[in-house]
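The values are calculated or read from the model by the stated rules, or taken from the named source; none is laboratory data. On a predicted model such as this, the values are computed, not experimentally measured, just so you know. Neighbour counts are summed over all protein chains in view; Cβ atoms, including those assigned to glycine, are modelled from backbone coordinates with ideal geometry. Surface accessibility is based on the protein's heavy atoms, side chains included, excluding ligands, DNA and RNA. Shrake-Rupley method; radii C 1.70, N 1.55, O 1.52, S 1.80 Å.
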Amino acid sequence: MSFNPIQTQSVKLPDTNSIKDKATPSEMTQSFGDFLKNAIDGVSSQEQNAQAMNDQYVLGNVDVSQVMIASQQAELGLQLTSQIRNKVIEAYQEIMRMQI
């Protein structure tokens, strides 16, 4: 079993041309929800890869540098996800404070 220590996570953005001009809010929410789910799944797969690399290191199949790279990628992905979550919460709170 071979592990690639440097795996790029690709997140497929929704194609704005393929979205209908008259898309309902429900359809737009579903598209955004799918995007978020794909992004979170990517972070999860990075963490699983780091765990698998750690297990392979314990067995002596990979070098410590590969384990460290996978761990750092997972850590950065998690930090980015938490920062995005914080910004979304801040934006939501700001919208809720608006006077109409």
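Numerical summary
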quantity: Unique match (being farther than 16 Å from L76 by Cβ, open to solvent by less than 100 Å² (accessible area, probe 1.4 Å), modelled with pLDDT of 55 or more and not charged (D, E, K, R)) among S31, S44; calculated: S31
quantity: Hits in segment 47-65 - residues which are polar (S, T, N, Q) and open to solvent by 50 Å² or more (accessible area, probe 1.4 Å); calculated: Q48, Q51, N54, N61, S65
quantity: Which numbered condition S26 fails, given (1) of a type in the set (S, T, N, Q); (2) modelled with pLDDT under 95; (3) surrounded by 10 or more Cβ atoms within 10 Å (Cβ to Cβ); (4) in a helix (DSSP H, G or I); calculated: (3)
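Condition check ((1) under 18 Å from L36 (Cα atoms); (2) touching a Lys or Arg at 6+ places or on another chain (Cβ under 8 Å); (3) at pLDDT 95 or above) across all residues:
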| residue | (1), (2), (3) |
| --- | --- |
| Q48 | no, no, yes |
| Q51 | no, no, yes |
| G60 | no, no, no |
| S71 | no, no, yes |
| T81 | yes, no, no |
| R85 | yes, no, no |
| E90 | yes, no, yes |
| I95 | no, no, no |
| I100 | no, no, no |
